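Okay, so here's the structure we're looking at.
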Amino acid sequence: ISTGVTTTAPTSTAATTATGRLLAQILEALRGAGIADSDIITSRLGLRPNYRLTADGDRDDARGIQGYTASNQITVTITNLDQVSAAVEAMIGAGATDFDGPNFGVSDTERATLLNSARRNASTEAQSRARIYAEGFGLQIDHVTLISENSQQFGYDGGEDIVVAAAANMAPPE
(Lines give C-alpha, C1' and ligand atoms only; values in the text may rest on other atoms or scores of the structure.)
Protein backbone atom coordinates (compact mmCIF):
# COMPACT_ATOMS: atom_id res chain seq x y z
CA ILE A 1 0.00 0.00 0.00
CA SER A 2 1.32 3.45 -0.84
CA THR A 3 0.39 6.28 1.47
CA GLY A 4 1.72 9.58 2.64
CA VAL A 5 1.05 13.20 3.29
CA THR A 6 0.97 16.38 1.27
CA THR A 7 1.04 19.77 2.97
CA THR A 8 1.09 23.36 1.80
CA ALA A 9 2.66 26.20 3.75
CA PRO A 10 4.03 29.72 3.18
CA THR A 11 7.68 28.55 3.31
CA SER A 12 9.49 25.42 2.17
CA THR A 13 10.69 24.83 5.75
CA ALA A 14 7.17 25.02 7.13
CA ALA A 15 5.83 22.67 4.45
CA THR A 16 8.55 20.03 4.93
CA THR A 17 8.30 20.30 8.73
CA ALA A 18 4.53 19.75 8.64
CA THR A 19 4.94 16.82 6.26
CA GLY A 20 7.62 15.27 8.49
CA ARG A 21 5.45 15.66 11.60
CA LEU A 22 2.43 14.04 9.95
CA LEU A 23 4.50 11.21 8.49
CA ALA A 24 5.99 10.50 11.93
CA GLN A 25 2.42 10.10 13.23
CA ILE A 26 1.60 7.70 10.40
CA LEU A 27 4.73 5.62 11.07
CA GLU A 28 3.86 5.40 14.77
CA ALA A 29 0.29 4.37 13.93
CA LEU A 30 1.55 1.66 11.57
CA ARG A 31 3.85 0.30 14.26
CA GLY A 32 0.84 0.25 16.59
CA ALA A 33 -1.04 -1.77 13.96
CA GLY A 34 1.72 -4.41 14.01
CA ILE A 35 3.64 -3.32 10.90
CA ALA A 36 7.41 -3.74 11.24
CA ASP A 37 9.79 -0.90 10.32
CA SER A 38 11.44 -3.26 7.81
CA ASP A 39 8.12 -3.37 5.89
CA ILE A 40 8.01 0.41 5.41
CA ILE A 41 10.11 2.29 2.86
CA THR A 42 10.15 5.86 1.64
CA SER A 43 9.04 5.78 -1.98
CA ARG A 44 8.85 9.47 -2.91
CA LEU A 45 9.72 12.90 -1.55
CA GLY A 46 8.59 16.10 -3.19
CA LEU A 47 8.78 19.86 -2.74
CA ARG A 48 7.47 22.37 -5.23
CA PRO A 49 6.73 26.09 -5.23
CA ASN A 50 3.17 27.34 -5.63
CA TYR A 51 3.02 30.38 -7.87
CA ARG A 52 0.40 33.06 -7.69
CA LEU A 53 -2.06 32.80 -10.53
CA THR A 54 -3.62 35.38 -12.82
CA ALA A 55 -7.40 35.78 -13.06
CA ASP A 56 -7.25 33.36 -16.02
CA GLY A 57 -5.52 30.70 -13.94
CA ASP A 58 -2.10 31.12 -15.55
CA ARG A 59 1.11 31.26 -13.53
CA ASP A 60 1.97 34.86 -12.62
CA ASP A 61 5.79 34.92 -12.45
CA ALA A 62 5.77 38.68 -11.79
CA ARG A 63 3.92 38.19 -8.50
CA GLY A 64 6.14 35.28 -7.45
CA ILE A 65 5.75 32.32 -5.17
CA GLN A 66 2.92 32.24 -2.65
CA GLY A 67 3.95 29.08 -0.81
CA TYR A 68 5.25 25.52 -1.10
CA THR A 69 3.76 22.06 -1.29
CA ALA A 70 5.74 19.21 0.28
CA SER A 71 4.92 15.52 0.02
CA ASN A 72 6.35 12.38 1.50
CA GLN A 73 5.15 8.97 0.34
CA ILE A 74 5.87 5.57 1.84
CA THR A 75 5.22 2.05 0.64
CA VAL A 76 4.01 -0.44 3.22
CA THR A 77 4.37 -4.17 2.61
CA ILE A 78 1.73 -6.22 4.39
CA THR A 79 2.06 -9.99 4.06
CA ASN A 80 -0.75 -10.86 6.47
CA LEU A 81 -4.02 -9.85 4.79
CA ASP A 82 -5.72 -9.76 8.21
CA GLN A 83 -3.60 -6.65 8.98
CA VAL A 84 -4.70 -4.62 5.94
CA SER A 85 -7.83 -3.10 7.43
CA ALA A 86 -6.14 -2.09 10.68
CA ALA A 87 -3.17 -0.64 8.80
CA VAL A 88 -5.40 1.41 6.48
CA GLU A 89 -7.43 2.72 9.42
CA ALA A 90 -4.21 3.58 11.26
CA MET A 91 -2.81 5.50 8.27
CA ILE A 92 -5.97 7.49 7.69
CA GLY A 93 -6.51 8.11 11.41
CA ALA A 94 -2.96 9.42 11.73
CA GLY A 95 -3.49 11.99 8.98
CA ALA A 96 -2.58 10.35 5.68
CA THR A 97 -3.73 12.58 2.83
CA ASP A 98 -2.60 10.35 -0.01
CA PHE A 99 -3.50 6.71 -0.44
CA ASP A 100 -3.02 4.15 -3.23
CA GLY A 101 -3.49 0.44 -3.11
CA PRO A 102 -3.38 -2.23 -2.13
CA ASN A 103 -1.26 -3.70 -4.88
CA PHE A 104 -1.03 -7.48 -4.73
CA GLY A 105 2.09 -9.45 -5.58
CA VAL A 106 4.22 -12.37 -4.52
CA SER A 107 7.57 -12.47 -2.78
CA ASP A 108 10.74 -12.99 -4.84
CA THR A 109 11.08 -16.50 -3.39
CA GLU A 110 7.49 -17.43 -4.22
CA ARG A 111 7.85 -15.88 -7.70
CA ALA A 112 10.96 -18.00 -8.37
CA THR A 113 9.16 -21.16 -7.20
CA LEU A 114 6.15 -20.41 -9.42
CA LEU A 115 8.34 -19.62 -12.44
CA ASN A 116 10.34 -22.83 -12.03
CA SER A 117 7.13 -24.84 -11.81
CA ALA A 118 5.82 -23.12 -14.95
CA ARG A 119 9.11 -23.82 -16.73
CA ARG A 120 8.89 -27.53 -15.86
CA ASN A 121 5.31 -27.67 -17.14
CA ALA A 122 6.26 -25.71 -20.28
CA SER A 123 9.14 -28.05 -21.08
CA THR A 124 6.90 -31.11 -20.72
CA GLU A 125 4.27 -29.48 -22.96
CA ALA A 126 6.90 -28.40 -25.52
CA GLN A 127 8.31 -31.93 -25.71
CA SER A 128 4.83 -33.36 -26.26
CA ARG A 129 4.03 -30.86 -29.01
CA ALA A 130 7.39 -31.43 -30.71
CA ARG A 131 6.72 -35.19 -30.79
CA ILE A 132 3.26 -34.59 -32.31
CA TYR A 133 4.69 -32.37 -35.06
CA ALA A 134 7.54 -34.78 -35.78
CA GLU A 135 5.15 -37.75 -35.99
CA GLY A 136 2.92 -35.76 -38.34
CA PHE A 137 5.86 -35.55 -40.74
CA GLY A 138 6.93 -39.13 -40.18
CA LEU A 139 10.02 -38.09 -38.23
CA GLN A 140 11.34 -38.48 -34.72
CA ILE A 141 13.03 -35.97 -32.45
CA ASP A 142 16.83 -36.31 -32.39
CA HIS A 143 17.86 -33.42 -30.13
CA VAL A 144 16.88 -29.94 -29.01
CA THR A 145 18.60 -27.17 -30.94
CA LEU A 146 17.17 -24.09 -29.21
CA ILE A 147 15.40 -23.11 -26.03
CA SER A 148 14.51 -19.43 -25.64
CA GLU A 149 12.68 -17.75 -22.80
CA ASN A 150 11.23 -14.29 -23.33
CA SER A 151 9.57 -12.36 -20.52
CA GLN A 152 6.91 -9.81 -21.34
CA GLN A 153 5.25 -7.57 -18.76
CA PHE A 154 1.66 -6.43 -19.33
CA GLY A 155 0.92 -4.57 -16.11
CA TYR A 156 1.42 -7.62 -13.92
CA ASP A 157 4.25 -9.87 -12.82
CA GLY A 158 4.31 -12.71 -15.28
CA GLY A 159 3.66 -13.43 -18.90
CA GLU A 160 6.59 -15.74 -19.49
CA ASP A 161 6.86 -17.06 -23.04
CA ILE A 162 8.96 -20.15 -23.75
CA VAL A 163 10.04 -21.18 -27.24
CA VAL A 164 11.55 -24.60 -27.87
CA ALA A 165 12.81 -25.83 -31.22
CA ALA A 166 13.74 -29.43 -31.77
CA ALA A 167 15.77 -30.95 -34.58
CA ALA A 168 14.18 -33.93 -36.25
CA ASN A 169 15.96 -36.81 -37.89
CA MET A 170 15.33 -36.59 -41.58
CA ALA A 171 14.85 -40.35 -41.78
CA PRO A 172 11.46 -41.81 -40.89
CA PRO A 173 11.34 -43.83 -37.65
CA GLU A 174 12.12 -47.54 -37.96
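From the list 86, 94, 90, pick out the single residue that is under 15 Å from residue 25 (Cβ atoms) and touching a Gly at 6+ places or on another chain (Cβ under 8 Å).
Working: 86 fails: under 15 Å from residue 25 (Cβ atoms); 94 fails: touching a Gly at 6+ places or on another chain (Cβ under 8 Å).
Exactly one of 86, 94, 90 is under 15 Å from residue 25 (Cβ atoms) and touching a Gly at 6+ places or on another chain (Cβ under 8 Å), namely 90.
Suppose we filter the range 52-67 for residues that are part of a strand (DSSP E or B) and either in contact with a Gly (Cβ under 7 Å, 6 or more places away or on another chain) or open to solvent by less than 60 Å² (accessible area, probe 1.4 Å) (or both); how many remain?
1
Kindly indicate which of 106, 88 is out of contact with any Pro (no Cβ under 6 Å at 6 or more places or on another chain) and at pLDDT below 90.
Of the residues listed, the single one that is out of contact with any Pro (no Cβ under 6 Å at 6 or more places or on another chain) and at pLDDT below 90 is 106.
Do you know which residues across the range 70-85 are part of a helix (DSSP H, G or I) and either open to solvent by 50 Å² or more (accessible area, probe 1.4 Å) or hydroxyl-bearing (Ser, Thr, Tyr) (or both)?
Our first condition is that a residue be part of a helix (DSSP H, G or I); within the range 70-85, this holds for 81-85.
Within the range 70-85, 81, 82, 85 qualify.
With at pLDDT 85 or above, open to solvent by less than 50 Å² (accessible area, probe 1.4 Å) and in a loop (DSSP other than H, G, I, E, B) as the only criterion, which of 134, 122, 96 stands out?
96
Of these, 6, 19, which one is open to solvent by 30 Å² or more (accessible area, probe 1.4 Å), modelled with pLDDT of 95 or more and not small (Gly, Ala, Ser)? Full working, then the answer.
Working: 19 fails: open to solvent by 30 Å² or more (accessible area, probe 1.4 Å).
When all the criteria are applied, what remains is 6.
Restricting to the range 22-51, name every residue that is β-branched (Val, Ile, Thr) and open to solvent by less than 50 Å² (accessible area, probe 1.4 Å).
Within the range 22-51, 26, 35, 40 qualify.
The values are calculated or read from the model by the stated rules, or taken from the named source; none is laboratory data. The structure displayed is predicted, hence computed values, not measured ones. We place every Cβ from the backbone using ideal geometry, glycine too, and count neighbours over all the protein chains shown. With ligands, DNA and RNA removed, areas are computed over all heavy atoms of the protein, side chains included. Shrake-Rupley method; radii C 1.70, N 1.55, O 1.52, S 1.80 Å.
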